[in-house]
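First comes the structure, then the notes that go with it.
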Amino acid sequence: MTRYLPLRQYRWAALGSALLAVFSAIFGLHSTPAFIPAVLFALSALALAFLGFQPAIELHDTHLAIGKRLIPWADIRRLDRSGWPSLLVVRIALSDDTRALLLYAGDLDSSKSLLRHLRRYSRLALIDGMPYRQFWGESAAGAERPQRSSPRYRLLRPEDEVEVERLYQRLKTVGHIDPKNSSDEK
């Protein structure tokens with residue numbers, strides 16, 4: 001089993017943002033424009049708290065556990081990753097036509113590791129629109145590619161080919177092309 005937890009820094013950042021929201025709200029009592037940063041700090045505190053308190057993600061040999069939700073690997077039909085580098089967001093389509101959203105707010109290395117494990121364990125899934133075997137560069141077992149002959153490129157013009165064929169036939173019948181005796185060359 002492998003367990004992935006969100007970074008604790010998100011919780012601390014949420015606490016700091018909440019304190020700044022309170023501080024700005026206190027100044028907002030004296031000056032109305034100070035409520036703008038208070039609202040922005042409060043919204044960021046909510047977003048950071050949401051990311052910091054995400055459930056743990058556990059990878060087992062038979063299933064994926066997101067908090068209390070268990071998803072068997074055989075039920076996963078599609079994995080689609082978002083393009084965000086720091087926050088891992090993976091949309092999971094299941095065999096019963098339901099969907100799940102996996103959010104992981106971890107460091108970059110553990111995000112890459114989690115994504116690699118998800119892709120490796122989901123053997124029946126389309127990974128970012130590609131079949132599993134094609135995504136990992138594996139050939140299908142038993143499905144051999146037909147052997148194609150290499151293309152033939154013309155090296156000679158047709159009249160030169162006729163001349164080469166004539167010389168070849170003469171060589172076959174006579175044994176040599178030169179009128180000289182082959183013993184002279186020794």
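Only the coordinates and a few stated rules stand behind these numbers; no lab work does. Being a predicted model, the structure only gives us computed values, none of them experimental.
Structure values in brief
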{"item": "Between helix 108-121 and the chain: long-axis angle, C-alpha atoms, 0 to 90°, nearest 10", "result": "60 degrees"}
{"item": "Degrees between helix 158-174 axis and first principal axis of the chain (Cα, 0 to 90, nearest 10)", "result": "50 degrees"}
{"item": "Within a Gaussian network of the chain (alpha carbon springs, distance under 10 Å), most fluctuating of 134, 169, 54", "result": "169"}
{"item": "Fluctuation leader among 48, 19, 171 - the chain, Gaussian network, Cα springs under 10 angstrom", "result": "171"}
{"item": "Tail weight of P(r) past 14 Å, computed on alpha-carbon pairs of the stretch 2-52, percent", "result": "51 percent"}
{"item": "Size-normalised alpha-carbon gyration radius of the chain, reference 2.2 N^0.38 Å", "result": "2.15"}
